[in-house]
Amino acid sequence: MCLSTASLAQAQQESFEESLPYNLIKIRMIKVPDGEVTVDGKKTEIKGLWVEETEVPFQLFEVWSARLDLPPEKVAQGAEAESRPSKPYAIMYTNFGNQGFPAICMSFKAANDFCAWLSAKTGKHYRLPTEAEWEYMARAGQPDPSNLDEVAWFWDNSDDTTHKLGSKKPNAWGIKDVLGNVAEWCTVQSGAPVVRGGSWRTKSKDLKIGLREAETEEWNEDDPQLPKSKWWLADGQFVGMRLVCDRK
């Protein structure tokens, strides 16, 4: 896939920064050039797509999950209790970074509901990427990177933990952390969930853009609740998410 310098420059000009004033949080959304990608033999056109520069930061996800955008009296009344996560039974971020680090341990449902909340807050359409969209933005018209240590946190260099967002080199379109750090929720053509990109626990020999992982029971094995939480993955410290936007 070859893109002209002009098309890339035009896409960069259309990038924008989302500011959430109630908590002084900003995220950068990068407009990716229009094009097409082939995944599992199926060719998909990608058009009019903005991609979050980094994975979703802890401090933004926490605004939603901990109801920080609601007045204290509404929290006390249990406002939006059905559409927001229950308090996790344990601090799943123990030994993992928070401020400036990726959000982790959210279920696929929680990731989708967070996107719906953010869309309502901003008036834009935020969602999880499809597999084709994720692979398109991750490749950025390039083959798998040979310089993994420069662009990713993985088993060999991560010290068994997540790292600050954007602390490695971006890809050709300015998108960071597409490989390693945390695996990112996506949807396959049927709507089923997978995570893509590998994480801090992925070994270098396996860390490829084409890597996909389906959720297993082990991701929530240590949750003692019955039924187990629909919001959190007790053993999902390697699972995160990245936003895309297809309507400003």
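None of the figures in this text is laboratory data; all of them are computed from the coordinates on show. Remember, predicted model here, so these are calculated numbers, not experimental data. Here the Cβ is made from the backbone with ideal geometry for all residues, glycine too, and neighbour counts use every protein chain on show.
By other beta-carbon atoms within 10 Å, ranking SER83, SER146, SER119 with the fewest at the front produces SER146, SER83, SER119. Extension gain, GLU36 to ALA116: 0.36 nm times the residue separation minus the Cα-Cα distance gives 26.1 nm. Each residue, VAL188 and ALA172, gets one label point 7 Å from its Cα in the Cβ direction; the gap between the two is 2.8 nm. Ranked for footprinting exposure by Cβ neighbours inside 10 Å, fewest first, THR44, THR94, THR38 give THR94, THR38, THR44.
Each stretch of four or more DSSP H residues adds -39500 (n - 2.57); spread over every residue of the chain, this sum gives -5500 deg cm²/dmol at 222 nm. If you run the Gaussian network model on the chain, springs between alpha carbon atoms under 10 Å, then out of GLN59, GLN142, GLN225 the most flexible one is GLN225.
In a DSSP loop and with at most 10 other Cβ atoms within 10 Å, there are no trypsin sites (Lys or Arg not before Pro) in the range 137-180. Neighbour counting of Cβ atoms within 10 Å sorts the residues TYR126, TYR93, TYR22, fewest neighbours leading, into TYR22, TYR93, TYR126.
Taking the Cα centre of the chain as origin and assigning +1 to Lys and Arg Cβ atoms and -1 to Asp and Glu Cβ atoms, the resulting dipole is close to 600 debye. Between LYS164 and LYS87, the C-beta separation translates, for a Förster distance of 25 Å, into a calculated FRET efficiency of about 0.45. For ASP206 and LEU70, the FRET efficiency from 1/(1 + (r/R0)^6), where r spans their Cβ atoms and R0 equals 41 Å, is about 0.50.
Take the chain and mark each of the GluC sites (Glu not before Pro) that is in a DSSP loop with at most 12 other Cβ atoms within 10 Å; the longest unmarked stretch, sites excluded, is 83-220. Under 1.5 on a/c is rounded, so check that first for the range 34-179, then, if it is not, pick prolate when a/b is larger than b/c and oblate when it is not; a ≥ b ≥ c are the square roots of the alpha carbon gyration tensor eigenvalues. Here the range 34-179 falls in the oblate category.
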